[in-house]
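The values are calculated or read from the model by the stated rules, or taken from the named source; none is laboratory data. If you're wondering where the values come from, they're calculated on a predicted model, not measured in any experiment. For neighbour counting, all protein chains shown are included, and Cβ atoms are generated from backbone atoms with ideal geometry for every residue, glycine included.
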Amino acid sequence: MASSEYFRVKKVIEQVRALKKNKEFSQAREVLERSLEEYPGNNFLQASLADLYLRDNNPSKAESLADEILDRNPGDFRALTVKGDVFYQRRNYPQALEFYENALSQKEEKFLAGKLVKTYHRMEKYPEALSLCQRFLEKEPENAYIKKLRAQTYEKMGKDEQARKDYGEYLEKKGGEDQFAYKENIKLKLKGKPPEARVKELQNLLKFAQGEKKFHLLNLLGKELEGQKRYDEALEQYKKALEIEPGDSFVLKQAGFCLYRGGREDEALFYLEEAFKADPEDFYTRSALLSSYKKTGEIERGIEFFKGIIQKDPSQKKLWGVIRKLSKEVEDHDENNQ
């Protein structure tokens with residue numbers, strides 16, 4: 001790469017990072033597409049564009065761009081990471097693990113360690129996740145991010161005291177800014193308390209919470225109430241959370257399940273559809289959608305919805321089986337009415 005191209009591309013990547021940080025993804029994509037017209041086949045630009053396609057729930061396009069890069073340079077750690085992300089999104093965790101490990105062997109980056117740890121957790125390979133954290137901490141014993149990853153691993157392993165210690169040290173170093181770690185730490189503190197005591201404590205914390213902290217606490221309270229089968233109350237918390245983060249797929253899914261389990265399938269459809277768009281591999285959301293379409297008689301809506309998912313991501317071929325099931329419902333209904 002010529003020096004002039006290098007500095008121009010570097011400037012573009014910095015601009016795109018700023019746009020991503022502000023969640024201005026369509027503008028970021030436009031910048032990258034224009035830059036690729038000027039510098040076709042640039043690995044940095046293509047990998048960044050592939051990442052945007054993943055954020056837009058378009059793994060097929062992301063994978064295609066990553067494959068182009070890997071054809072030119074099989075060891076490109078950014079493209080290997082994108083491939084890992086694609087397989088992770090498709091819940092193919094062994095394949096995701098292979099690409100992440102390959103990427104990490106090219107460049108030992110902390111964000112890659114995070115992706116690997118998350119994948120190990122999905123595969124319930126907790127000793128491997130812990131070992132990776134220890135490896136990074138040997139080089140940087142006070143690295144707060146790796147301590148957070150180790151805390152998550154300890155939590156998964158049921159080692160609550162070690163988890164709380166790592167979360168505590170991490171939050172102290174970060175000044176309590178990481179709301180995810182704050183939420184996990186609260187979860188551990190509430191563990192073992194009676195259900196009503198957990199609800200009251202979360203309600204008290206919410207009185208003084210704002211912004212992202214409030215968002216996480218609302219989700220914790222929603223999950224607590226949902227676990228107690230208090231679906232209407234849980235839904236109220238999830239709706240408040242969606243006012244803070246309108247497109248959050250986890251909250252949309254939980255709101256949909258509260259409505260579905262409360263027998264309000266017609267209202268559940270919107271939330272479940274939005275959640276499924278973000279994660280077409282989610283078997284539980286798909287099952288709830290299928291059941292809701294049948295119970296509400298919205299079969300045609302279901303057929304068109306799943307066709308739209310396949311059109312956006314052709315790798316979702318298994319959804320044709322769901323479409324066939326729904327089409328059979330229509331045929332059976334028509335025969336019964338003849």
Filter the stretch 109-132 down to the residues that are more than 21 Å from the chain's Cα centre (by Cα) and either closer than 20 Å to Phe99 by Cβ or part of a loop (DSSP other than H, G, I, E, B) (or both) and list them by number.
Glu128, Ser131, Leu132
Just to check your reading of the model, which residue among Ala197, Ala181 is in a helix (DSSP H, G or I) and farther than 25 Å from Asp248 by Cα?
Ala197
Go through the residues of the stretch 276-293 one by one and say whether even a single one is surrounded by fewer than 21 Cβ atoms within 10 Å (Cβ to Cβ), more than 25 Å from Tyr93 (Cα to Cα) and in contact with an Asp or Glu (Cβ under 9 Å, 6 or more places away or on another chain).
yes
Is it true that Ser48 is polar (S, T, N, Q) and within 28 Å of Glu281 (Cα to Cα)?
yes
Among all residue pairs at least 6 apart or on different chains, which show Cβ distances below 7 Å where the first residue, located in the stretch 228-242, is in contact (Cβ under 8 Å) with a residue 24 or more places away in the chain and the second is among the basic types (Lys, Arg)?
Tyr231/Arg261
Looking at Ser60, Ser35, Ser4 in this structure, which one is among the hydroxyl-bearing types (Ser, Thr, Tyr) and in contact (Cβ under 8 Å) with a residue 60 or more places away in the chain?
Ser60
Considering only the stretch 62-85, I want to know if a residue exists there that is surrounded by fewer than 19 Cβ atoms within 10 Å (Cβ to Cβ) and closer than 22 Å to Ala278 by Cβ.
yes
Matching residues in the stretch 138-148 - criterion: being in a helix (DSSP H, G or I) and within 26 Å of the chain's Cα centre (by Cα)
Ala144, Tyr145, Ile146, Lys147, Lys148
Give me the pairs: first residue in the stretch 194-210 and without any contact (Cβ under 8 Å) to a residue 60 or more places away in the chain and within 18 Å of Tyr238 (Cβ to Cβ), second residue surrounded by 11 or more Cβ atoms within 10 Å (Cβ to Cβ) and charged (D, E, K, R), beta-carbon distance under 6 Å, and six or more apart or on different chains, which are they?
Arg198/Glu224; Val199/Glu224
Test: residue in the stretch 11-19 that is in contact with a helix residue (DSSP H, G or I) (Cβ under 8 Å, 6 or more places away or on another chain) and charged (D, E, K, R)
no
Can Gly192 be described as small (Gly, Ala, Ser) and under 30 Å from Glu265 (Cβ atoms)?
no
With criteria (1) in a loop (DSSP other than H, G, I, E, B); (2) modelled with pLDDT of 85 or more; (3) farther than 26 Å from Pro314 by Cα, Met1 comes up short on (2)
Please go through the stretch 213-259 and give me each residue that is at pLDDT 95 or above, surrounded by fewer than 23 Cβ atoms within 10 Å (Cβ to Cβ) and among the aromatic types (Phe, Trp, Tyr), ordered by number.
Tyr231, Phe257
If I filter the stretch 294-323 down to residues being outside any helix (DSSP H, G or I) and among the small types (Gly, Ala, Ser), which single residue comes out as surrounded by the fewest Cβ atoms within 10 Å (Cβ to Cβ)?
Gly297
Of everything in the stretch 159-212 that's at pLDDT 90 or above, more than 22 Å from Ala129 (Cβ to Cβ) and of a type in the set (Asp, Glu), which residue is surrounded by the fewest Cβ atoms within 10 Å (Cβ to Cβ)?
Glu196
